[in-house]
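Any read-out appearing in this document is the output of simple, stated calculations on the displayed coordinates, not a laboratory observation. Remember, predicted model here, so these are calculated numbers, not experimental data. Cβ placement follows ideal geometry from the backbone for every residue including glycine, while neighbour counts extend to all protein chains displayed.
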Amino acid sequence: MGKPKFSRKKYETPSHPWQEDRIKAENELVKKYGLKNKREVWKARTKLRTFRGQARELLAKVKQEDIQGKKESEQLLVHLNRLNILPPNSSLDDVLALDIESILSRRLQTLSYLKGLANTPDQARQLIIHGHIAIGDRRVTIPGYMVTKDEEEEIGYTKDSPLNDAMHPARPRADFKSNSIIKKTKQEDVKKEGKQVEKIIEKTPEPVTTKEKTSIAETTKEAKNDINVIKKGDE
């Protein structure tokens, strides 16, 4: 159980500290979702790991036709549906197909930005911490709060926030559209404006034939004879 005064760590750190691919992926997530540090990425990954671990155990129980396993699997799917992580009528296989961005996209910080309450994810985090964002009549100051499906429509500014004024300079413009946070696949830069890259192919010189050798020798002899004639004429 541990001591109630000291809460347990709610995340698992990576098994190896120096992995280039993992570090690059974590840096992209921190920048994309405006996270404070990589600890928030580890928390989301730990939460995802627990969901997938439960799904694997329940799949084995369901195959054995365990009544308690079926009940727990339904409870897990209802919980994920309530968080709007999975759509209705999903299965345990859909839980195994989840990724970390499915968890990060349900944070209050992300949804506040997508609803147009902030210009950037970083600004959305700042507004939440300073107490400008509320869910219904309840002020929430935790950027990592997991928003349910029913609470998503109630996200807005608090009643006493100066951001309720449409002319406030920190508030996004009326025509502001937040960039949807979607997975970006790596695409190669291709120039489509009709510019073609010229490839220089180095060709090996062709060997000189015997006929060309004899013709070159004859021309050199003729040139020497002409030079000798000119010298004799000068003398």
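Key figures for this structure:
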| read-out | value |
| --- | --- |
| Derived scalar couplings ³J(HN,Hα) [segment 16-24; Karplus, 6.51 cos²θ - 1.76 cosθ + 1.60; whole Hz; x for Gly, Pro] | 10, x, 10, 10, 4, 5, 5, 5, 5 |
| Percent RCO, i.e. relative contact order, over segment 20-104, from Cα pairs under 8 Å lying at least 6 residues apart | 29 percent |
| Net length gained if the chain between GLU57 and LYS70 were fully extended (0.36 nm per residue, minus Cα distance) | 3.6 nm |
| Computed E for SER90/LYS10 - FRET, C-beta separation, R0 22 angstrom, nearest 0.05 | 0.30 |
| Karplus (6.51, -1.76, 1.60) ³J(HN,Hα), θ = phi - 60°, over segment 5-10, in Hz, Gly and Pro reported as x | 5, 10, 6, 6, 5, 9 |
| Per DSSP, loop chymotrypsin sites (Phe, Trp or Tyr not before Pro) in segment 1-40 with at most 11 further Cβ within 10 Å | PHE6, TRP18 |
| Under the Karplus curve 6.51 cos²θ - 1.76 cosθ + 1.60, θ = phi - 60°, whole-Hz ³J(HN,Hα) for segment 92-101, x wherever Gly or Pro sits | 5, 5, 5, 5, 5, 8, 6, 10, 5, 6 |
| At 0.890 mPa s and 25 °C, Stokes D of segment 108-164 from Kirkwood alpha-carbon radius, µm² per second | 227 µm²/s |
| Projected label distance in nm at LYS47 and HIS130, using a 7 Å step from Cα toward the beta-carbon | 2.5 nm |
| Alpha-carbon centroid distance for the pair segment 1-33 / segment 76-98, whole angstrom | 24 Å |
| Loop-located GluC sites (Glu not before Pro) in segment 23-121, at most 13 other Cβ atoms within 10 Å (DSSP) | GLU65 |
| Average Cα contact separation per residue, segment 108-164, under 8 Å, 6 or more apart, as relative contact order % | 34 percent |
